[in-house]
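Read the structure below first, then the notes.
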Amino acid sequence: MDGDGSRLVRWGERALRWCAVANIGFGVLAVGCLIASFVAEPLLAAQLGRKYRDAVFIPAVIWELRTLILIGVIAVWPLDRCLRALADVLRSVRRGAPFDPDNAARVTTIGWGLVGVQCVDLFGSALTALIARTGADVAAWTPSLAGWISVLIAFVLARVFAAGARLDAELEGTV
């Protein structure tokens, strides 16, 4: 690897572009599934009826599934904000300006985006528990402690970037 890490930064920028495309692709797919759940509701209800017989109230399960899909659609926006802000930070690092004053705001944006993702995750976890209580099969979903720690790390790093930007400006003023 090169000494200044520029290869790693370029790789990170490419990976972020792919993640952003995948995130938007997921959102489009989820919206398509949500629309299809209305268009093909009789087929969906018939399939669920064959699977569960009278064990669950099919209309409620369909609305719960739609709500889970909607949660996925909602999660696209805060994740997109995180990915865009992180890409901007990497661009400034590639330019040789890691303590660009704008990076503190960008990392704060990442922190708030992660808060959004974690809140969506909490709501999804609660809805999954509700669906499981109806008797429908659903994958286990639990909130992420690591995600909340990431939120804290992002806000702390935003303060570090702000302090670094101030020190960088002071250093430039003394030279």
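The values are calculated or read from the model by the stated rules, or taken from the named source; none is laboratory data. Predicted model, so just to flag it, every value in this text is computed and none were measured. Neighbour counts are summed over all protein chains in view; Cβ atoms, including those assigned to glycine, are modelled from backbone coordinates with ideal geometry. To get the accessible areas, we keep the full protein, side chains included, count just its heavy atoms, and leave off ligands, DNA and RNA. Shrake-Rupley method; radii C 1.70, N 1.55, O 1.52, S 1.80 Å.
Would you check if residue 165 is more than 23 Å from the chain's Cα centre (by Cα), over 20 Å from residue 82 (Cβ atoms) and either crowded, with 18+ Cβ neighbours inside 10 Å or among the acidic types (Asp, Glu) (or both)? Answer is yes for this residue. Here residue 148 passes the criteria (1) closer than 30 Å to residue 5 by Cα; (2) hydrophobic (A, V, I, L, M, F, W, C); (3) surrounded by 17 or more Cβ atoms within 10 Å (Cβ to Cβ); (4) in contact (Cβ under 8 Å) with a residue 24 or more places away in the chain except the one numbered (3).
Kindly evaluate residue 9 against the criterion of being part of a helix (DSSP H, G or I), within 22 Å of residue 139 (Cβ to Cβ), open to solvent by less than 100 Å² (accessible area, probe 1.4 Å) and touching a residue at least 40 places away in the same chain (Cβ under 8 Å).
In short, no.
Considering each of 89, 73 in turn, give the residue that is within 20 Å of residue 131 (Cβ to Cβ) and either in contact with a Lys or Arg (Cβ under 9 Å, 6 or more places away or on another chain) or surrounded by 15 or more Cβ atoms within 10 Å (Cβ to Cβ) (or both). Selected residue: 73, the only one of 89, 73 that is within 20 Å of residue 131 (Cβ to Cβ) and either in contact with a Lys or Arg (Cβ under 9 Å, 6 or more places away or on another chain) or surrounded by 15 or more Cβ atoms within 10 Å (Cβ to Cβ) (or both). Scanning the stretch 13-24 for residues that are open to solvent by 40 Å² or more (accessible area, probe 1.4 Å) and without any contact (Cβ under 8 Å) to a residue 24 or more places away in the chain yields 14, 18, 21, 22.
Taken over the stretch 129-153, the criterion of being over 18 Å from the mean Cα position of the chain (by Cα) and either within 19 Å of residue 78 (Cβ to Cβ) or at pLDDT 95 or above (or both) is satisfied by no residue. With respect to the conditions (1) within 30 Å of residue 48 (Cβ to Cβ); (2) touching a helix residue (DSSP H, G or I) at 6+ places or on another chain (Cβ under 8 Å); (3) of a type outside the set (Ser, Thr, Tyr); (4) in a helix (DSSP H, G or I), residue 122 lacks only one, and its number is (2).
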